[in-house]
Every structure is written in C-alpha cells, then in structure tokens.
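Read through the structure below, which is laid out as structure tokens, and then see the notes.
The values are calculated or read from the model by the stated rules, or taken from the named source; none is laboratory data. Note that the coordinates shown come from a computational prediction; the quantities given were computed from them, not determined experimentally. Cβ: placed from backbone, ideal geometry, glycine included. Neighbour counts: every protein chain shown. Quick note on the areas: whole protein, heavy atoms, side chains included, nothing else; ligands and nucleic acids left out. Shrake-Rupley method; radii C 1.70, N 1.55, O 1.52, S 1.80 Å.
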Amino acid sequence: MIRLYNTLTKSIDPFAPLRDDGVRMYSCGPTVYDVAHIGNMRAFLFPDVLQRTLRVIGGYPVRWVMNVTDIDDKTIRDSSVGSTRWRAEMGEQTSDPMENLRRFTSFFTREFLADLQTFGIEVDRMTNPRATDYITQMQELTRDILAAGYAYVSDGSVYFNVAAYSANHTYGRLFAIDTQNFREGVRIDADEYDRESVSDFVLWKGRKDGEPSWDFEIDGQNVPGRPGWHIECSAMSQNLLGLPFDIHTGGVDLRFPHHEDELAQCTAGYHVHDQASFWMHNEFLEVEGKKMSKSLGNFYTMRDLIARGIEPIDVRFAMLQAHYRAVFNFTFDGVTAARTARAKVQDYVYDVVDVAGSLHASASDGVGQQLIDTVGQALADDVHTPRALAALFVFMNEHPARALTPADAASVVDALRVVNEVFAVIAIEERPTLVVPDDIRALAEERWAARAAKNWSESDRLRDMLSASGWTMKDGKDGYTLESAK
Ligand code: AMP
Ligand code: ZN
C-alpha cells in the first residue's frame, strides 16, 4: 500500500489510481527560455522517483506528462530579433516572431531533455507536450469558462473572474489564500492589464506589436493574442490525461497561484470538482539558506557542475538523501559525501555479483527479498528516499558480500536491480577489469624494483609520478595493486 502526502487534504493518504488501467500523472515542466538550474532539477527528479516508485513498488503502469512552456514573456523577449541570447545552434533568425520563438524554444527543449537524461530521469517514459501545440484547446477552455460566467473580456485580453467563481466554489483549496495579499502572487500581471479586481488572472493576453499571436474569436469579437500560463496546464492535462487524473506535481511555489488557478479553471470550464486527486509539491533546493534561483544568481546548471568535475548522478544521489518535502541544502561537501556513499554501494554490487558468479543467476528466494521489503516500505511511505537509502546501507552492513552464499548473492543481485530501478544511481554489472596502460605498468615495475632495493627516494619519486597520472600503487607483502583514481 502506497501512501502519499496530498496538498489538497493536507494529510498522508492511501493511494490508489482512479482507473484500473494505471496511474495518470501530470508534472509542471520548464519554461524553455534558458537551461534549467539544479534547483529546477529537483522539481523534475521528484516526479521521476515518484513514477518509479508507483511502477516498481506499487506495480502500476504510469502515464506521465510533463509540459513544456514555450510561450511566455521570457521566451518571447529572448527569441525576438536583436536578442543577445540568440545562438548559432538555433539557426538563423527570421522576420517571423512565431518561427523565431519555435527555433529558440526547440533549442532549449533539447537542452532540457538532455539534462534530464544525465540526471537519470526517465525521459522515454514521459510525454512532453508544448504549449503552442494546444492553443485551440486553450481557446476552447477559455470560451467555456466565459460561458459559465467566470471570465470577462477587457481591453483585448480575457480574465478569470475570481469573485464570481468564489460565489459558487472555493478558491483556495490548495493554499490558504489571504485576499489582502493577492498582489503578492508571482505571475498575476497586475501592472499590465485592467482588471475588475486585484485577484483576477489572465486567461488570454492581448497581442502586443511584434509578438507571436493567434487569432481568437470570443464573445463576438476577435482578440488576437496568446494564452496565459495557467490555462496551458489545465488544457493540456485535460486533453492528454482526462479529468480528474491521479497526481499533479510541481515545486511548492506552484501551489499558488499556478495550481490554484489551474484547478479553478478546470472546475469552471470542464465542470469537474477536482482536476487531480493528489497534488504533490517538492520543497526547494537552497544554497546557504536561500532558494536557488535565476534572480538571486546563486544557481548552478548541470553543465556548471560537470565543468567542476562533478558527476550528475552523484547530485541525484545527494538529492535522494533528503525527503522531497524537506528543504535540500546544496553544498559541494554534500555532493562529495554522496559520491563516497554511492561508490560504496557500487563496490558492494561488484562484490555481490562476483560472489553470485553471474549477473543473471536465477534466485527465487533468498535474503534479497529483505532488501526489497525494507526499501519498498520506506518508498511506499510518501516516497521516503532517505529512509530507503538508509535501509540499503543497513542491509549492506548486515549482509557483507563475502559472507553470502552464491545463491543468496544471486538473490541480492536481483534485489539490487529492483531497488535501483527506483534509485537509478548505480550500475548492476560486473566489476570492470582494469586496463593498465603499458607505460603505467612499466613505472610500477620500476618502483617495485627500487623498493626491493630499498632505494626509498627513487621509490617515492616514481609513486608521485604514478599519482600525477591518476594511479595509486598499493604495496602488499608479495606484490602490488594499481588503482585508477577515476
Ligand atoms: P520555472 O521554470 O521557474 O517555472 O520552474 C520550474 C520548476 O522548478 C517549478 O516546478 C518550480 O517550482 C521548480 N523550482 C524552481 N526553483 C526551485 C528550487 N530552488 N528548488 C526546487 N524547485 C524549484
Ligand atoms: Zn502547470
């Protein structure tokens, strides 16, 4: 039984899919105006681990949609003619704003998917609809909301009427809203448009000169423009998953206004009480007590980390060591510690495979089941990855590889394969045989001879040469071993 924290009920509730053909899940994706930073990556790692848990531990097939916001103020600004952010890889800029937008956002969408992949996120299991491919559906929804009496056209734009909606429905189901503080909402566009009251948000933005736009017939008039941000996710989730679907994910900052508005739009236009039955939000990744963000400038992209010699998979491991609902404090020391811990697990895998004698020895029962049970219990408890990893380390300590029988070792290999289907941080394979280049071997032999002759200074000099080439020479009683630092 899987239990998940639901922002809608504010409690940890038993999870079961609404339909018997599996779980339907929608994750708010990136705005593709730049490469994602690793704070954003946390919001994409969480649904990945969640869908893996649902599939591997829960046994449910999962249909997973993560949208790509390819139209908003920033994508328009940065794709426009003369933008300094245009890159050669995007091709030539044209005189057509729509085509420029497409080239610009296609480039960042590819970068985004490549980053997800280096982070072990199962890109092949998700669908990535682009907002601009669903304009018609967004327009239909906007018309339906108007027809229901919860929208109005003003000065060429269309707004959601929160006061009218609140008269019949609850606005604030996900997030306790203080109406006095409406202006603090992040993307309300309060300064740009006339609105009846401060709480109304834009469904459709009137066209500005030089911007990509679509014609839109509504309320007997044509209001060319483009969709607001919130309407995208309501329309795409309805079209791709059907309402209500099972799980909606995003970072905590999306609870309000984005998710509250998505939900209100679905209720108003699609006449459903719930857009999704579970709403799940990951906490922030912080640096020195502050949310990692573009605007604070305290961010690292995946590429920044790789340039510092950090492997993305070690960052994944580090993030899994925190529960998704707890703030994750990013530090380089933390990543180094994660690297050491991950290497320990990988080493255990190599040893167990060695004892089992084969990667695919079949083992129906054996001690491995205990590993699946303890890790599975932690994951089933609101995706508690830190406890799940701790359970793995407890198991490793209690069952040293060299103490296992070959049959038990085979069952542990199988179990490691299962838990790694969720963690995705190690390789289930034999220890790679180390290929020592000839020049390194020659240096080692020379040093071994110097050592035998008690020529300590020469021996030290040769050892330093080896370590400068990335090799460590370990002396034994009857011989030496060489280890690569990589
Ligand atoms: P954005 O592209 O800004 O709309 O953000 C994409 C996703 O990343 C959203 O789900 C945000 O909630 C999430 N996000 C942004 N910054 C952070 C952060 N520092 N930690 C965790 N999630 C974040
Ligand atoms: Zn969304």
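Table for the structure above
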| read-out | value |
| --- | --- |
| Computed Kirkwood radius, in angstrom, where 1/r is averaged over Cα pairs of the stretch 1-80 | 14.7 |
| Carbon plus sulfur fraction of accessible area for the chain, probe 1.4 Å, in percent | 49 |
| Helical segments meeting 24 Å axial Cα length and Kyte-Doolittle 0.0 threshold in the chain (DSSP H) | 38-56, 332-356, 406-423 |
| Isotropic mean projected area of the C-alpha convex hull, the stretch 307-423 (nm²) | 7.6 |
| Share of alpha-carbon pairs per 20 Å distance bin for the chain, given as whole % | 20, 46, 24, 8, 1 |
| Sequence-separation-based contact order of the chain, relative, with Cα cut under 8 Å and 6+ spacing, percent | 16 |
| Accessible surface, the chain, averaged per residue in Å² (probe 1.4 Å) | 45 |
| Unit charges at the beta carbon, dipole of the stretch 1-57: most positive-side option, LEU45, LEU8, TYR26 | LEU8 |
| Furthest towards positive pole of dipole, THR336, GLY59, ALA444, structure part the chain, Cβ charges | ALA444 |
| Mean shadow area of the stretch 438-484 over all directions, Cα convex hull, nm² | 2.9 |
| Relative contact order of the stretch 438-484, defined on C-alpha pairs under 8 angstrom at six or more residues apart (%) | 27 |
| Projected label distance in nm at TYR480 and ARG461, using a 7 Å step from Cα toward the beta-carbon | 1.5 |
| The chain - share of DSSP beta bridges that are antiparallel (%, nearest 5) | 55 |
| Coil-residue trypsin sites (Lys or Arg not before Pro) of the stretch 1-83, DSSP, other Cβ within 10 Å capped at 13 | LYS10 |
| Relative contact order %, the stretch 17-282, counting alpha carbon pairs below 8 Å whose residues are six or more apart | 22 |
| In nm, spacing of pseudo-spin labels at GLU140 and ASP347 (7 Å Cα→C-beta vector) | 5.9 |
| Exposed GluC sites (Glu not before Pro) absent: longest stretch of the chain, with sites in DSSP loops and at most 13 other Cβ within 10 Å deemed exposed | 289-428 |
| Estimated distance in nm for a label pair at ASP439 and ALA427, the labels positioned 7 Å out from Cα along Cα-to-Cβ | 2.5 |
| Distance between the stretch 289-342 and the stretch 409-486 - C-alpha centres, whole angstrom | 28 |
| Computed FRET value (nearest 0.05) for THR84 with PHE393, which takes r as the C-beta separation and R₀ as 45 Å | 0.40 |
| Nearest-10 value in Å² for the accessible area of CYS28, using the 1.4 Å probe | 10 |
| Only Lys, Arg (+1) and Asp, Glu (-1) charged, at Cβ; the chain dipole about Cα centre in debye | 960 |
